[in-house]
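What follows is a set of notes on a single structure, which appears directly below.
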Amino acid sequence: MTRDDFRQQFPSFAAIRDVDLDTLLGALETSEAQKGSDVISAGRKNSNLYLIRDGRLQVSLDSGGQCTVLGEFGPGQWLGEMGMIEPETAGVARVSAVEDCVLLKLSHADFMALRRSDVSLTSVLLQVFCESLAERLRCTMQLVYEDESETDTRGDATMGWFLEVARQVMGIAARTGT
Amino acid sequence: MDLTRFLQTVSTFSDLTQNELEVLERALRVDDIPAGHVLLEEGQKSRSFYIVMKGEVEIFRKHKTGQGLDDLGVLKSGELFGLQSLVCNQRQNSTCRAITPVTVASLPKTAFSILYNAHVSISEHFQYIVAQQLSRDLRRLDIGVMDSIRSGDVAPLYKAARETGTVN
């Protein structure tokens with residue numbers, strides 16, 4: 001993948017300098033996910049960032065034998081940054097390929113190696129992730145606290161509200177504009 | 001109090017080199033703050049981040065109903081506040097006020113920007129700390145909402161929310 005291809009497909013990382021981008025492209029591992037396969041399993045630790053080059057990934061929750069689809073990520077988007085930054089805890093959602101996908105993967109180990117060798121690169125990456133994660137947190141907290149005073153009136157709408165909160169936490173609402 | 005020696009005792013800075021600690025020490029400003037003084041106010045954009053050197057700082061936020069305050073805890077020596085909103089350019093989600101007379105080391109936004117450009121290894125370290133905290137907070141909410149979905153009860157989600165993003 002060329003620098004121009006990368007910048008065109010992932011404009012959020014446009015601030016990365018040419019020399020640092022070459023380093024990043026060298027560190028990213030291209031992986032393929034076949035339609036129907038799991039990229040991230042629910043309840044298992046994920047320590048990889050996935051940039052989606054081609055295809056679509058679906059995020060779903062499994063509860064009580066029922067699978068609820070929260071949303072999808074497509075080309076130019078990414079997920080897994082929390083696991084790459086803080087790999088100690090497992091996520092609750094399952095991420096699976098709804099079609100054959102080409103992914104660019106950066107592991108926690110490789111990210112920490114980049115932190116030692118190329119801080120100007122990881123500084124740009126971290127700034128993008130910090131701003132994105134902070135906005136997700138802010139929107140989620142706003143959603144939770146705005147409805148706290150309406151607990152008694154939510155009734156049957158509660159499950160829909162829970163799923164809306166889940167989408168906000170996972171950044172699906174923001175990224176898909178819903 | 002020797003500031004460099006103090007910074008060496010703060011676990012958040014344990015990965016910084018001696019040279020980086022000295023650069024940080026030169027950029028920080030130390031002030032004695034009287035009890036009752038508000039250092040950061042909820043809703044305002046952060047102008048500095050602070051490290052408590054001596055004394056206690058209480059954190060609270062306005063209750064969403066508009067009635068009363070939610071007490072979020074007390075910060076003591078070696079604890080930081082205001083960093084997340086500085087890095088992410090967001091408004092403060094809580095108020096931080098001195099309970100006792102306190103001594104704080106602070107880094108104003110202008111100095112933080114200079115540090116970012118001149119010593120990227122130090123600012124990258126701060127960005128990583130913030131990214132880790134945000135990831136933990138979102139993961140806590142992730143688990144809270146899942147527990148609420150499974151139980152049909154809002155309590156796990158509200159508990160997770162109250163434990164999250166205490167001080168940014």
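The values are calculated or read from the model by the stated rules, or taken from the named source; none is laboratory data. Because the structure is predicted, anything quoted here is derived from the model rather than measured. As a convention, Cβ positions derive from the backbone with ideal geometry for all residues, glycine included, and neighbour counts pool all protein chains shown. The accessibility values were calculated without ligands, DNA or RNA, using every heavy atom of the protein model including side chains. Shrake-Rupley method; radii C 1.70, N 1.55, O 1.52, S 1.80 Å.
Just a few scattered comments:
- The strands (runs of 3 or more DSSP E) found wholly in the range B:18-83 and carrying at least 2 residues that are touching a strand residue (DSSP E or B) at 6+ places or on another chain (Cβ under 9 Å) and closer than 15 Å to B:Pro108 by Cβ occupy B:29-33, B:38-40, B:48-54.
- Hits in the range A:14-39 (condition: free of Cβ contacts under 8 Å to residues at least 12 places away in the same chain and not in a loop (DSSP other than H, G, I, E, B)): A:Val19, A:Gly26
- Test: residue in the range B:103-123 that is open to solvent by 10 Å² or more (accessible area, probe 1.4 Å), within 30 Å of A:Asp118 (Cα to Cα), at pLDDT 90 or above and assigned to a helix (DSSP H, G or I): yes
- Residue in the range B:125-138 that is in a loop (DSSP other than H, G, I, E, B) and open to solvent by less than 20 Å² (accessible area, probe 1.4 Å) present: no
- Here A:Leu121 meets the list (1) loosely packed, with under 15 Cβ neighbours inside 10 Å; (2) touching a residue at least 24 places away in the same chain (Cβ under 8 Å) almost entirely, failing just condition (1).
- Options B:Asp15, B:Asp70, B:Asp31: the member that is charged (D, E, K, R) and more than 14 Å from chain A (Cβ to nearest Cβ): B:Asp31
- Residues of the range B:39-55 classified as closer than 17 Å to B:Thr4 by Cβ and open to solvent by 30 Å² or more (accessible area, probe 1.4 Å), total: 1
- Selection from the range A:98-118 of residues that are assigned to a helix (DSSP H, G or I) and open to solvent by less than 30 Å² (accessible area, probe 1.4 Å): A:Phe111, A:Leu114
- Qualifying residue in the range A:68-89 (condition: without any contact (Cβ under 8 Å) to a residue 24 or more places away in the chain, within 20 Å of A:Leu163 (Cα to Cα) and over 14 Å from the mean Cα position of the chain (by Cα)): yes
- Members of the range B:84-102 found to be crowded, with 17+ Cβ neighbours inside 10 Å and modelled with pLDDT of 90 or more, listed by number: B:Thr95, B:Cys96, B:Arg97, B:Ala98, B:Val102
One line per residue, one yes/no per condition, for (1) more than 24 Å from A:Gly80 (Cβ to Cβ); (2) within 19 Å of the chain's Cα centre (by Cα):
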site: B:Thr110; (1), (2): yes, yes
site: B:Asn117; (1), (2): yes, no
site: B:Gly152; (1), (2): yes, no
site: B:Ala160; (1), (2): no, yes
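- Qualifying residue in the range A:107-117 (condition: out of contact with any Lys or Arg (no Cβ under 6 Å at 6 or more places or on another chain), basic (Lys, Arg), in contact (Cβ under 8 Å) with a residue 60 or more places away in the chain and more than 7 Å from chain B (Cβ to nearest Cβ)): no
- Lone qualifier among B:Asp147, B:Asp142 - being acidic (Asp, Glu) and under 30 Å from A:Ser123 (Cβ atoms): B:Asp142
- Filter pass, A:Gly65 being in contact (Cβ under 8 Å) with a residue 12 or more places away in the chain and within 30 Å of B:Val145 (Cα to Cα): no
- When residues of the range A:148-162 are limited to those that are open to solvent by 30 Å² or more (accessible area, probe 1.4 Å) and within 9 Å of chain B (Cβ to nearest Cβ), the one modelled with the highest pLDDT: A:Met159
- Being within 26 Å of A:Val92 (Cβ to Cβ), of a type outside the set (Gly, Ala, Ser), open to solvent by 40 Å² or more (accessible area, probe 1.4 Å) and out of contact with any strand residue (DSSP E or B) (no Cβ under 6 Å at 6 or more places or on another chain) is not true of B:Arg150.
- Residue in the range A:3-12 that is within 29 Å of B:Ile143 (Cβ to Cβ), at pLDDT 95 or above and of a type in the set (Ser, Thr, Tyr) present: no
- Unmet requirement for B:Gln132, which otherwise passes all of (1) touching a Leu at 6+ places or on another chain (Cβ under 9 Å); (2) at the interface with chain A (Cβ under 7 Å from one of its Cβ atoms): (1)
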